[in-house]
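Novice: Would you mind keeping the following structure in view while I ask a few things?
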Amino acid sequence: MDLNEYQIRARETAKYPNVGSNLIYPTLGLSGESGEVADKVKKVLRDNDGVFDENVKEAIKLELGDVLWYVSQLSSELGFCLSEVAISNLEKLSSRDKRNVIKGDGDNR
């Protein structure tokens with residue numbers, strides 16, 4: 001499945017208020033789901049000596065799917081297709097790599 005097909009199919013399951021004109025809901029959802037990924041990783045460090053067993057990996061995969069869903073919805077709300085977002089990100093990273101500024105901070109480096 002490619003990213004745009006995923007986005008189209010994921011949009012069919014978007015059941016939140018004002019779909020098509022609501023940036024807030026998917027933004028908050030993205031933040032929450034990203035936090036759930038981070039929390040699962042934190043608990044592996046705390047409870048499992050940093051060992052990611054298959055059960056934990058599967059649980060994280062499911063949470064990453066939720067992150068992807070919210071990225072997809074936010075992209076749709078902004079009028080972007082996921083492949084466009086992905087290509088823009090790779091171009092940005094490639095440019096930073098070529099200019100040897102992939103490390104560091106700041107959006108405009």
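Novice: Using a Förster distance of 22 angstrom, determine the FRET efficiency expected from the C-beta separation of Glu84 and Asn108, and round it to 0.05.
Specialist: On the way: r = 20 Å, r/R0 = 0.92.
With R0 = 22 Å, the Cβ-Cβ based efficiency is 0.65.
Novice: Rounded to the nearest 20 debye, what is the charge dipole size of the stretch 3-82 about its Cα centre when +1 sits on each Lys and Arg Cβ and -1 on each Asp and Glu Cβ?
Specialist: On the way: 9 positive and 13 negative charges, 39 e Å.
Using Cβ point charges on Lys, Arg, Asp and Glu, the stretch 3-82 gives about 180 debye.
Novice: In what order do Asp97, Asp105 fall by count of nearby beta-carbon atoms within 10 Å, going from fewest to most?
Specialist: Going from sparsest to densest Cβ surroundings: Asp105, Asp97.
Novice: Test of understanding: express the Cα radius of gyration of the chain as a ratio to 2.2 N^0.38 Å, with N the residue count.
Specialist: Working: Rg = 16.5 Å, N = 109, 2.2 N^0.38 = 13.1 Å.
Dividing the Cα Rg of the chain by 2.2 N^0.38 Å gives 1.26.
Novice: Scan the chain and hand back the longest stretch that contains none of the chymotrypsin sites (Phe, Trp or Tyr not before Pro) lying in DSSP loops with at most 16 other Cβ atoms within 10 Å.
Specialist: Numbers: sites that count: Phe52, Phe80.
The longest uninterrupted stretch comes out as 1-51.
Novice: If you average the alpha carbon positions of the stretch 27-45 and of the stretch 82-96, how far apart do those two centres end up, in angstrom?
Specialist: 24
Novice: Taking a cut-off of 28 Å between Cα atoms, list the lysines near Lys103, but don't count ones fewer than 8 places away on the same chain.
Specialist: Cross-link targets: Lys40, Lys42, Lys43, Lys57, Lys61, Lys92.
Coordinate-derived values only; no laboratory data. Everything quoted here is computed from the prediction, not taken from an experiment. Quick reminder, even Gly has a Cβ in these numbers, built from the backbone with ideal geometry, and neighbours come from all protein chains shown.
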